[in-house]
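As structure tokens, the structure follows; a few thoughts come after it.
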Amino acid sequence: MADVAALVRAHWTRGAPGRDAPGELVTALYRWWVVAMVLKILGATWDICWHFRWLRDDLAPPHLLNTVGTVMVIGLVVIHSYTGIGVDKATLRWMQWGLGIFLVAAPLDVINHRVNGLDITAWSPSHALLYLGTGLMSIGLLVGWNRYGRADRYFYPVTCFLWFTVLDNFMFLNQHQEYGVLGLAAWERGTPYAEDSLLQFAADQLHRPLDYIAVENFTLPTPDWLYPSWAVLTGLGTLLLARILVGRRWTATTITVGYLAFRCVAWVLLAAAGFPISTVPFFLLVGALAIDLSCQLVTRMRPLAGAVAVTSAAYAALWLQHAYIAAPPSDFASALYVVVLLAGLWGLFEHLGSGGVRRIEQHLAAVRDWRVRG
């Protein structure tokens with residue numbers, strides 16, 4: 001750490017993005033990004049189960065843990081912005097916009113709770129801005145690491161972790177249903193996870209007594225088609241894009257194993273501490289395996305055949321998990337349109353992976369040059 005601080009001090013001068021710097025300094029900055037994102041993910045994971053037990057508390061420990069990670073992110077973005085080290089213009093813009101949106105969304109979320117009371121769903125406008133900001137930062141990290149971290153011996157593991165942050169950011173929304181289905185079952189057993197004041201608050205928002213409908217609205221407020229559709233299109237869609245852009249076999253499976261391992265460890269620790277527990281989306285692993293295997297198909301066949309294989313495998317695995325373990329309520333008929341949408345995404349991702357991103361960047365650069373000349 002002392003060596004890194006000395007390198008930062010030695011290069012603490014104003015510089016344009018893309019500035020030359022020692023490789024060990026660039027690598028160290030991105031590793032600090034990993035630490036910051038780990039803290040944010042840990043805080044968010046703890047936070048969602050916290051809110052299935054107690055009423056909101058702005059200074060709750062999960063919020064404080066997430067804030068530590070956010071403060072580190074602010075410091076890193078300041079370093080990149082001022083020195084120009086470890087980023088190009090595109091990377092820096094992704095980071096700055098992501099952080100800016102997150103910092104605007106955080107107080108808006110607090111104000112929303114003050115004005116409208118408890119926001120008892122992960123699916124809300126203020127929460128969406130938080131996810132958007134985090135997602136943009138993750139994209140910036142992936143772009144920057146891909147361009148500046150290739151010489152590092154841990155390039156592939158860090159790349160997988162950064163894709164893990166994107167996957168976790170998307171799948172975080174589905175955790176409401178994953179906690180909710182077990183929370184509703186606990187209430188039906190007469191041993192609710194949530195304290196009485198939280199359940200009563202949820203009932204009061206509906207202007208009805210504390211009954212099954214009130215608790216169901218709190219625990220499972222979204223339609224049944226949303227859970228599987230979101231998991232396949234955004235969760236497995238993220239893994240598909242990672243597999244195409246990284247270009248290594250079993251990338252999707254590797255990222256998914258890491259994500260599920262994290263969810264299982266978090267499950268054990270939170271359960272041991274007496275917090276509510278959730279289902280774990282094990283069906284994603286079957287979908288990830290189908291992605292990695294489908295990427296071996298002939299190029300022309302991949303978008304359609306791959307989409308059919310991945311959607312069928314994921315929905316079948318979800319049905320089995322629902323039947324033999326536990327899973328949120330799901331409308332399996334949604335597979336009929338999910339497969340079409342996934343095929344479209346697959347085709348787009350194949351285009352990006354074959355140089356579409358570079359062509360888009362060249363087009364934008366040409367437009368900027370035209371405007372300057374004009």
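The values are calculated or read from the model by the stated rules, or taken from the named source; none is laboratory data. Remember, it's a predicted structure, so these values are computed and weren't measured experimentally. All Cβ positions, even for glycine, are placed from backbone atoms using ideal geometry, and neighbour counts span all protein chains on display. Each accessible area value is taken on the protein alone, full model and side chains, heavy atoms only, with ligands, DNA and RNA left out. Shrake-Rupley method; radii C 1.70, N 1.55, O 1.52, S 1.80 Å.
Here segment 149-249 has 57 percent of its accessible surface on carbon and sulfur atoms, given a 1.4 Å probe and all protein chains in place. Comparing GLU178, GLU24, GLU350 in a Gaussian network model of the chain (Cα springs below 10 Å), the most mobile by mean-square fluctuation is GLU24.
For ARG302, the accessible surface of its heavy atoms amounts to roughly 40 Å² (probe 1.4 Å, protein chains only, rounded to the nearest 10).
Note on the chain: GNM, Cα springs under 10 Å; of HIS51, HIS176, HIS351, the largest mean-square fluctuation is that of HIS351.
Working note: 222 nm ellipticity from helices only, DSSP H runs with n ≥ 4, each -39,500 (n - 2.57), summed and divided by the residues of the chain, gives -24000 deg cm²/dmol to the nearest 500. At the residue level, LEU64 shows approximately 90 square angstrom of accessible surface with a 1.4 angstrom probe and all protein chains present. Largest accessible area first, the listed residues TYR259, TYR148, TYR131, TYR154 line up as TYR154, TYR148, TYR131, TYR259 when surface is computed with a 1.4 Å probe on the assembled protein chains. Largest accessible area first, the listed residues VAL143, VAL338 line up as VAL143, VAL338 when surface is computed with a 1.4 Å probe on the assembled protein chains.
Cα centroid separation, segment 130-195 to segment 295-343: 21 Å.
The ellipsoid equivalent to the alpha-carbon distribution of segment 92-208 has semi-axes of 36, 19, 8 angstrom, derived from the gyration tensor eigenvalues as √(5λ) and listed largest first.
A 1.4 Å probe run over the protein chains yields, for the chain, 48 Å² of accessible area per residue, whole-number rounding.
With a 1.4 Å probe and every protein chain left in place, tell me how much accessible area PHE170 has, in Å² to the nearest 10. Per-residue accessible area (PHE170): approximately 70 Å².
Apply the Debye scattering formula to segment 263-356, with a single equal point scatterer on each alpha-carbon and no solvent, then give log10 I(q)/I(0) at q = 0.10, 0.16, 0.17 Å⁻¹. Values, matching the q order: -0.36, -0.74, -0.80. Across PRO228, PRO125, PRO62, mean-square fluctuation computed from a Gaussian network of the chain (C-alpha pairs under 10 Å connected) peaks at PRO125. Determine the shape class of segment 191-343: with a ≥ b ≥ c the square roots of the Cα gyration tensor eigenvalues, call it rounded for a/c under 1.5, and otherwise prolate if a/b is greater than b/c, oblate otherwise. Prolate is the answer for segment 191-343, as a/c is 1.5 or above and a/b outweighs b/c. Electrostatic bookkeeping for THR253 treats Lys and Arg as +1 and Asp and Glu as -1; over the other residues with beta carbon under 10 Å from its beta carbon, the sum is +1.
Volume of the convex hull of the chain (Cα atoms only), normalised per residue: 166 Å³.
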